Amino acid sequence: MAKCFSADFAGRTISLKADYMAGQADGSILATYGDTVVLVTAVSMKTGREGLDFLPLTVDYQEMTFAAGKIPGGFFKREGRPNEREILTSRIIDRSIRPLFPKGYTCETQIVATVLSVDNENDSDVTAMLAASAALEISDIPFKGPIAGVRVGRVEGRFVSNPSNEIMEQSDLNLFMVGRKIPRDADGNEYDVNLVMLEGEAKEVDEDTVVDAINFGLDSIRPVFELQDRIRREAGKQKRSFEAKAMDENLYARICAIAENDLKDAYTTAIKQERNAKLSQVRDKTIKEVSADDPALSQPAANLFEALERKILRDMILHEKRRIDGRSNTDIRPISSEVGILPRAHGSALFNRGETQALAALTLGTSSDEQRLDYIGGEEMRSFMLHYNFPPYSVGEARPLRSPGRREIGHGNLARKALVPVLPSPESFPYTIRIVSEILSSNGSSSMATVCGGTLSMMDAGVPIKDSVAGIAMGLLKEEDQVVILSDILGDEDHAGDMDFKVCGTKTGITAMQMDIKIDGVTEDILRKALRQAKEGRFFIIDKIRETISEPRKDISIYAPRITTIKVKPDKVRDVIGSGGKNIRQIISETGVTIDVEDDGTVTIASSDADAALRAVAMVKWLTEEAEIGKIYKGTVKKIVDFGAFVEIIPGTEGLVHISQLAKERVNKVTDVLSEGDEVMVKVLEIDKQGKIRLSRKEALGADVQ
């Protein structure tokens, strides 16, 4: 029986069992947090793959429907392709652990996190992250951990760690962060907690609050570091020996002698395609010359050439204080934008920042166009969608088009979260909104260009957003005491840098963030400076956006559906729908509108034809109308009795015309005046407490319907 290791985490007990399940994995942890249970396995092959210059790591987070007591929908009745939440959680774990494997480690490695049970209080993301770290810690796989994740919210000005879904709904902040334990001494009793990864959204929160939230979150994960230390000491395996190949100093010197000056010259070329062409030319020439007598040197030479590229670029920025395109550390690349460039799209924008170009196209739909997301934790109906596409031509490549990968899903999700806080309420703007961002050219910050393009497209479409949102990608280079923070980084600067920090927001505050850190030692002061610099850049970009379009258009596109919302009493919903949907089908058939009816009595009518929408509204009102005393109606005789006639004045509503009220003269028999099916003008005389209606024909003679 496996021993259980437990600790208090955010006021609740979290427990880990080592090698209790999946005994053939290199490391296996069953983590239990409340009723949330996640199994994480870690497996790494014993030999590396020859010729690789990267870590072949795969992370798969999967939610089993039985975890929530559900059976999968669809024909096959089994779990299929990963949903958006599974993809995003896989990315979060991957981004957190990937930098912590030794440099040069090329053994095929896989982390599989399987959610076996889930509740609505304890976050499976947090549980899976901890279990992934613990599985690597107890395995023989080399790993520079431990790490742990925590979700931080803020309710009524107070930070909360790992809040339940119910509490998070009241929060103005939702940050998921991962910290790493950095021992100060050999025993590890004294240690710091360094930020490794950050992903989150906020409702226009200020920069100081974000830093305070990060400090709060990093402090709250200390108990689970101590938990991992205990489980590693008592259940951990001896780490396999691994030593990265030492640099061949002689080969590196030869490469420097051949390529250094040409590389420095190439990095003075501002245009990406021209620069890449020069770099490729230098690379090919260098490898060919070095491996002329020994072809086996080709791959080592290629790896050392890349190391030289990185060193030259870092030295240029850190010591020469010069960026590739000549900008200062805080300068933003030239920005231009246009709106309304696609005639039939409901809103469109083309956003350019340097060599990065994004086309944002917006479509407005009705509630029937909402996206239904079925997660094990519950169902979500999404009325705002943002889809990010990254075609190969955007970076000058030719390769097959594929469905969106994890990167595309992640970038689209970040941009979507950035724009959600400024959306109008469903009551004031009852449309489903879909934005598609096509990256037409990329040289860094394409996800942030998507945020800017999305803002422009919404204003062009007449979506009454509360404010303009912009995004900026920040970089960091740090060597000993030298620290350089870069605004609006290029792709090469991202590759050579130590941090990628994307910040989105309005002039009021931050709406979304994403940070990946490759080094230790990113201090609170560095974070605060990076956020201040990002704020300045964000404000500059927002001003540029407003030069193109300063506020949302007053009206939506003539090609977009006009949506009219009316409220009826909930008990009248059945009258709108009719028996077997007869009434609603008739409205659609006669007017051509799209109509949605909610149980609460909300009726939404959409049509690009304003007259058709008005006719549909009139039909709904007629179906749900209630009788009014003194009003005259054109009704239909439904039934005749000795003492009068029952007349339907509005659908489903009948009243009695007493024989004495049929005509001004005396009537002996009802059938002398009326027959079943006759249309007759009647006036409502009285509605009693039981809802019975008394009608008069004689008082309505010669009158018009009101």
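The values are calculated or read from the model by the stated rules, or taken from the named source; none is laboratory data. Here the structure is a predicted model, which means the values were calculated and not measured. Virtual Cβ from ideal backbone geometry, glycine too; neighbours counted across all protein chains shown.
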Discussion item. Residue pairs, Cβ under 7 Å, 6 or more apart or interchain, first in region 463-478 and free of Cβ contacts under 8 Å to residues at least 40 places away in the same chain, second among the small types (Gly, Ala, Ser). List them.
Written reply: ALA473/GLY444; ALA473/SER445; GLY475/GLY497
Worksheet item: Before we move on, is THR671 outside any loop (DSSP other than H, G, I, E, B), within 28 Å of ILE577 (Cβ to Cβ) and among the hydroxyl-bearing types (Ser, Thr, Tyr)?
Response: no
Worksheet entry | In region 188-197, residue nearest to ASP467 (Cα to Cα) [restricted to those that are surrounded by fewer than 23 Cβ atoms within 10 Å (Cβ to Cβ) and touching a residue at least 12 places away in the same chain (Cβ under 8 Å)] | LEU195
Worksheet item: Are any residues in region 360-394 aliphatic (A, V, I, L, M) and crowded, with 18+ Cβ neighbours inside 10 Å, and if so, which ones?
Response: ALA360, ALA361, LEU362, LEU364, ILE376, LEU386
Item to complete: From the list LYS239, LYS181, pick out the single residue that is in contact with a strand residue (DSSP E or B) (Cβ under 6 Å, 6 or more places away or on another chain) and modelled with pLDDT of 90 or more.
Response: LYS181
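Residues are listed down the side, and each one gets a yes or a no for (1) closer than 20 Å to ASP8 by Cα; (2) aliphatic (A, V, I, L, M); (3) in the same structural domain as ASP498 (by TED's automatic domain parsing):
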{"residue": "PHE159", "(1), (2), (3)": "yes, no, no"}
{"residue": "ASN162", "(1), (2), (3)": "yes, no, no"}
{"residue": "ASN165", "(1), (2), (3)": "yes, no, no"}
{"residue": "MET168", "(1), (2), (3)": "no, yes, no"}
{"residue": "ASP172", "(1), (2), (3)": "no, no, no"}
{"residue": "GLY179", "(1), (2), (3)": "yes, no, no"}
{"residue": "ALA186", "(1), (2), (3)": "no, yes, no"}
{"residue": "GLU190", "(1), (2), (3)": "yes, no, no"}
{"residue": "GLY200", "(1), (2), (3)": "no, no, no"}
Practice prompt. Scan region 52-88 residue by residue and report those that are over 22 Å from HIS411 (Cβ atoms), among the charged types (D, E, K, R) and without any contact (Cβ under 8 Å) to a residue 60 or more places away in the chain.
Written response: LYS77, ARG78, GLU79
Response to the item:
Filtering region 163-191 down to residues that are more than 25 Å from the chain's Cα centre (by Cα) and either closer than 18 Å to ILE97 by Cα or in a strand (DSSP E or B) (or both) yields ARG180, LYS181, ILE182, PRO183, TYR191
Worksheet entry | Complete set of residues in region 537-569 that are part of a helix (DSSP H, G or I), out of contact with any Gly (no Cβ under 7 Å at 6 or more places or on another chain) and crowded, with 17+ Cβ neighbours inside 10 Å | GLY537, PHE540, ILE541, ILE542, LYS544, ILE545, THR548
Discussion item. Being outside the structural domain of ASN194 (by TED's automatic domain parsing) and in a strand (DSSP E or B) is true for just one of ALA512, ALA534, ALA530. Which residue is that?
Written reply: ALA512
Worksheet item: Can you pull out the residues in region 64-89 that are out of contact with any helix residue (DSSP H, G or I) (no Cβ under 7 Å at 6 or more places or on another chain) and not in a loop (DSSP other than H, G, I, E, B)?
Response: THR65, PHE66, ALA67, ALA68, ARG85, GLU86
Worksheet entry | Close pairs (6 angstrom Cβ cut-off, 6 or more residues apart or separate chains): touching a residue at least 60 places away in the same chain (Cβ under 8 Å) in region 295-318, among the polar types (S, T, N, Q) anywhere | LEU318/GLN482
